[in-house]
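Notes follow once the structure below has been shown.
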Amino acid sequence: MNNLEQKDKKYIWHPFTQMREYKSFVIEKGKRMWLYDIYGNKYLDGISSLWVNVHGHRKKEIDNAINKQLAKIAHSTLLGIANVPSVELAEKLIKIVPGKLCKVFYSEDGAEAVEIAIKMAYQYWQNKGEKQRTKFLAVKNAYHGDTIGAVSVGGMSLFHSKYKPLLFKTYFATSPYCYRCPNCKSFTNIVGRIPYKVNCNWDCIKKIEKLVKKHKKEICAMIIEPLVQAAAGIIVMPQGYIKKIEQICKENKILLIADEVAVGFGRTGKMFACEYENIKPDLMAVGKGITGGYLPLAVTFATNEIYNAFLGKLEEQKTFYHGHSYTGNPLACASAIANLNIFKKEKTLEKLQPKIKVLSKELEKFKNLPWVGDIRQCGFMAGIELVKNKNTKEPFKITDKISVKICLEARKHRLLIRPLGDVIVIIPPLAIEIPQLRYMLKVIYQAVIKICGKQ
Ligand code: PMP
């Protein structure tokens with residue numbers, strides 16, 4: 001271990017990492033799709049630096065935008081005053097978000113954007129006088145971030161069950177996890193259709209309807225990750241699912257919160273996943289790709305209907321008392337403006353479409369491997385679920401550490417990926433080139449055979 005690695009081990013407590021097993025790995029720089037470690041080895045950034053990077057690293061236009069802003073001011077508060085890039089960005093964002101969203105509330109990370117949406121939904125009903133509406137409706141297997149509010153509406157027991165005594169009560173609907181649906185035995189692998197159609201009784205939706213019927217007077221909002229339950233292992237929702245959810249919410253006066261933190265900014269092939277089924281949420285959370293993967297910035301969007309419920313005389317106490325030290329940071333906003341300009345100038349979404357098709361084709365090759373249970377793809381997000389027994393869908397044991405081993409094997413071949421359970425996740429930057437994408441899939445394919453073959 002070199003000096004830096006020793007200090008890393010000595011001082012840093014890494015997020016979502018079992019530190020006992022952690023082997024220091026230090027990145028020094030990046031260029032386009034590549035990350036370079038302190039020894040000069042380069043790695044393809046196959047997880048977009050945790051699903052944030054869009055146009056690659058050291059993108060000239062974003063570098064320049066940040067430098068230009070830095071020459072003016074690095075930070076000034078948004079509490080009661082504004083700064084130039086925060087205003088300019090807000091206007092740009094409102095022009096592209098779905099439905100009637102027309103107000104921008106800034107924060108720094110996805111979890112905070114969700115936290116804000118939760119507090120806004122709750123206070124909206126408080127301000128409107130429906131004080132009994134204090135509960136949320138969420139979906140099992142959902143992941144909305146790691147702060148206490150976001151964990152309360154999260155449905156992944158691995159990440160969430162430890163904190164149960166600290167959480168507020170939430171009603172949970174069944175996850176639209178077709179591969180492991182208890183009601184549908186005929187589900188077959190459907191690589192590449194975005195989103196795919198199902199021929200079933202929609203039992204998962206019926207359960208939501210039941211829950212809503214019983215509790216609708218106390219529910220203030222429902223939160224969903226439109227189209228993809230990402231952190232649960234790229235669980236792709238069938239076509240029509242989110243539209244049905246929207247309908248249920250509308251019919252029962254329940255606000256709809258769309259968490260587009262993972263799927264927003266092009267990951268599904270459209271700017272926002274809500275566009276696929278023309279979903280018009282009341283609140284929407286975004287983060288990750290908003291700055292092209294440069295700086296921490298997130299946004300909670302609200303409709304005028306929500307915003308107006310917070311207006312009043314100071315003594316009426318309708319104000320939204322929320323905000324952070326770095327809310328609306330000018331450097332972060334400047335990088336987000338540059339990011340959006342590149343989307344337009346380089347036609348990022350148009351150029352993405354053939355790459356999505358290549359990804360589908362490459363994924364097809366995995367279908368017949370004996371350890372591949374399910375392959376899920378939504379646009380430029382994909383997950384390969386590995387199982388011990390393809391017929392029974394029996395998972396590997398946690399102690400087999402299958403996916404961790406596969407990712408370490410991939411690293412030997414200059415590819416950086418990070419699994420979710422036993423799901424191999426493929427979320428490269430949107431600007432990845434087709435040969436690089438093919439290389440990525442080839443490395444994963446060989447690593448799966450090498451590691452699973454030994455089991
Ligand atoms: N919502 C979703 C759907 C996510 O996937 C994530 C993170 N993976 C978050 C919220 C939390 O975002 P952050 O890590 O930026 O707090």
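Bear in mind these aren't lab numbers, they're just calculated from the coordinates by the rules spelled out. Here the structure is a predicted model, which is why all the values come from computation and not from measurement. FYI the Cβ positions are ideal-geometry reconstructions off the backbone, even for glycines, and counts take in every protein chain you see.
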Burial-style ranking of 343-350, 245-252, 33-40, average other-beta-carbon count within 10 Å with highest first, yields 245-252, 33-40, 343-350
Magnitude of the Cβ-charge dipole of the stretch 251-404, K/R +1 and D/E -1, about the Cα centre, nearest 20 debye? 740 debye
Could you name the aspartates and glutamates whose alpha carbon sits less than 17 Å from that of Lys7, not counting residues in the same chain fewer than 8 places away? Glu21, Glu28, Asp37
Assuming a viscosity of 0.692 mPa s and a temperature of 37 °C, what translational diffusion coefficient in µm² per second does Stokes-Einstein assign to the stretch 294-359, Rh being the Kirkwood radius over Cα pairs? 211 µm²/s
Holding the Cα-Cα limit at 30 Å, pick out from Lys162/Lys361; Lys243/Lys357; Lys216/Lys243; Lys169/Lys388 the pairs that are longer than that. Lys162/Lys361; Lys169/Lys388
How long, wide and thick is the chain, going by the Cα atoms along their three principal axes, in whole angstroms, largest first? 67, 59, 44
Amide H of Lys103 versus every other amide H placed in the peptide plane: which residues, excluding those fewer than 5 positions away on the same chain, fall under 5 Å? Ala302
Taking the Cα centre as origin and putting +1 on Lys and Arg beta-carbons and -1 on Asp and Glu beta-carbons, what dipole magnitude results for the chain, to the nearest 20 debye? 1100 debye
Radius of gyration, Dmax [the stretch 243-366; alpha carbons; angstrom]: 18.1, 64
Which of the lysines could a cross-linker span from Lys103 if the Cα-Cα distance has to be under 17 Å and same-chain partners fewer than 8 positions apart are dropped? Lys92, Lys95, Lys119, Lys280, Lys318
Projecting each Cα onto the charge dipole of the chain (Lys/Arg +1, Asp/Glu -1 at the beta carbon, about the Cα centre), which of Tyr11, Leu437, Asn183 comes out farthest on the positive side? Asn183
Selection of trypsin sites (Lys or Arg not before Pro), the stretch 1-78, meeting DSSP coil and at most 15 other Cβ within 10 Å: Arg20, Lys23, Arg58, Lys72
Separation between Cα centres of the stretch 142-168 and the stretch 316-389, rounded to whole Å: 22 Å
Charge dipole (the chain, unit charges on Cβ, about Cα centre) - positive-most of Gln123, Gln239, Thr170: Gln239
D for the stretch 78-118, whole µm²/s, Stokes-Einstein with Kirkwood Rh over alpha-carbon pairs at 4 °C and 1.567 mPa s: what number? 113 µm²/s
Assigned charges on the beta-carbon of Lys, Arg, Asp, Glu; the stretch 187-306 dipole about Cα centre (debye): 420 debye
Taking the stretch 255-400 and dividing mean pair separation by its residue count, relative contact order in percent (alpha carbons under 8 Å, at least six apart): 19 percent
List the lysines whose alpha-carbon lies under 21 Å from that of Lys393, not counting same-chain residues fewer than 8 positions away? Lys140, Lys185, Lys365, Lys367, Lys401, Lys405, Lys450, Lys454
